[in-house]
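A.B. asks: My questions will all concern the structure given below.
The values are calculated or read from the model by the stated rules, or taken from the named source; none is laboratory data. Everything numeric here is computed off the predicted structure, so don't read it as measured data. All Cβ positions, even for glycine, are placed from backbone atoms using ideal geometry, and neighbour counts span all protein chains on display.
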Amino acid sequence: MDTFLYFFLGFGYVCLFIWGLTLSRNHKLFNLTNVLLLVIIGLIYDNLIIAFGRFIGEGNVLESLSYARFWLHALFTPTLILFAWNICFRADLQWAKKAFWKVFAYLMTIGLILYELLTSVKGLKLGPNWKNGVLTYDSVGQSASPLMVILIAIVLAIVGILFIVKFRFYWLFIGTVIMILGSVLVIWIKNFPIMNVLEFIFIVSLLLTKQFLVRSEK
C-alpha cells in the first residue's frame, strides 16, 4: 500500500512540475518563483526512489541513489525563502522592494543550505530500513535537525498572513499550516506517511500562490 502511495506521489509531483512550467511559460525562466520547480524536482526524486526501493533491493545501488535524496533536500528546500521574498516583491508589497530584504533572503537561503550540508549531509551514513513493505536507506546514528523546516514554515506562514490581509488570499497560509500540522501528526501516526501526503498539499498551495500572482499580473 505504501509503495503505491509513493508512486502516486512521485507521479503527482511530475504533474505539479508540469503545472509549474505552464505558469512560467510567459515569464523569464530565471524568475525566482521558479525555485519552486527545483523543490518539486527533489520531491519527485525522493518519492520515486522510495517507491522503487523494494524493487532495487538492498545494496550499493540503492544506497548511492539514496544519498542524492539528502543532497537535493539540503540544496533545494532552503530556496523556498527566496520564493517567499519574491512573491512579496511581485505582489507589490513595498517593504519587499527594499534592498535589505532581498539581501536578507539570499543570506538566509545560503545560510540554511550551509547549515543543512554541515549538519545533515556531512559525514552522513545510511543503513537499510524496511517499513510497511517499503525499503529505504536512512541516516544511521544521526537525527535530522528541524531548524531549516521550522524557519521556512515561519517565514511562509508570515507571508501567508500578509496575503490574507492584503489580497484575501488564503491558500498559502492554509498550506503552510497543513505542513506544520503534518510535522506534529507524524509523532503519533507511525504506520502511514502522513507527512508526505500533507507535504504534497503544501506544494499545491505554493503553486496556487504562484498562479494567483501570474493572473494578477495580466
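A.B. asks: How about segment 1-40: which of its residues are under 16 Å from Asn196 (Cβ atoms), of a type in the set (A, V, I, L, M, F, W, C) and modelled with pLDDT of 90 or more?
C.D. replies: Phe4, Leu5, Phe7, Phe8, Leu9, Phe11, Val14, Cys15, Leu16, Val39, Ile40
Residues are listed down the side, and each one gets a yes or a no for (1) within 25 Å of Trp130 (Cα to Cα); (2) assigned to a helix (DSSP H, G or I); (3) touching a helix residue (DSSP H, G or I) at 6+ places or on another chain (Cβ under 6 Å):
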{"residue": "Phe30", "(1), (2), (3)": "no, no, no"}
{"residue": "Asn34", "(1), (2), (3)": "no, yes, yes"}
{"residue": "Ile44", "(1), (2), (3)": "yes, yes, yes"}
{"residue": "Phe70", "(1), (2), (3)": "yes, yes, yes"}
{"residue": "Phe100", "(1), (2), (3)": "no, yes, no"}
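A.B. asks: Give Leu151, Leu117, Leu162, Leu147 a once-over and let me know the one that is touching a helix residue (DSSP H, G or I) at 6+ places or on another chain (Cβ under 6 Å) and among the aliphatic types (A, V, I, L, M).
C.D. replies: Going through Leu151, Leu117, Leu162, Leu147 in turn, the sole match is Leu117.
A.B. asks: While we're on this one: Could you pull out the residue among Leu207, Leu135, Leu124 that is under 18 Å from Phe83 (Cα atoms) and either among the basic types (Lys, Arg) or touching a residue at least 40 places away in the same chain (Cβ under 8 Å) (or both)?
C.D. replies: Leu207
A.B. asks: Determine whether segment 85-94 contains at least one residue that is modelled with pLDDT under 95 and over 25 Å from Gly160 (Cβ atoms).
C.D. replies: Taking every residue of segment 85-94 in turn, none turns out to be modelled with pLDDT under 95 and over 25 Å from Gly160 (Cβ atoms).
A.B. asks: Just one of Gly133, Gly123 is at pLDDT below 95, touching a Lys or Arg at 6+ places or on another chain (Cβ under 7 Å) and not acidic (Asp, Glu); which is it?
C.D. replies: Result of the check over Gly133, Gly123: Gly133.
A.B. asks: Give me the residue from segment 171-218 that is loosely packed, with under 15 Cβ neighbours inside 10 Å and among the basic types (Lys, Arg) and, out of that set, modelled with the highest pLDDT.
C.D. replies: Across segment 171-218, the extreme among qualifying residues is Arg215.
A.B. asks: With respect to Asn86, is the statement that it is without any contact (Cβ under 8 Å) to a residue 60 or more places away in the chain and touching a strand residue (DSSP E or B) at 6+ places or on another chain (Cβ under 6 Å) true?
C.D. replies: no
A.B. asks: Let me ask something else. When you go through Val14, Val103 one by one, which is the residue that is surrounded by fewer than 20 Cβ atoms within 10 Å (Cβ to Cβ) and in contact (Cβ under 8 Å) with a residue 12 or more places away in the chain?
C.D. replies: Val14
A.B. asks: Is it the case that some residue within segment 17-28 is in contact (Cβ under 8 Å) with a residue 60 or more places away in the chain, assigned to a loop (DSSP other than H, G, I, E, B) and crowded, with 16+ Cβ neighbours inside 10 Å?
C.D. replies: no
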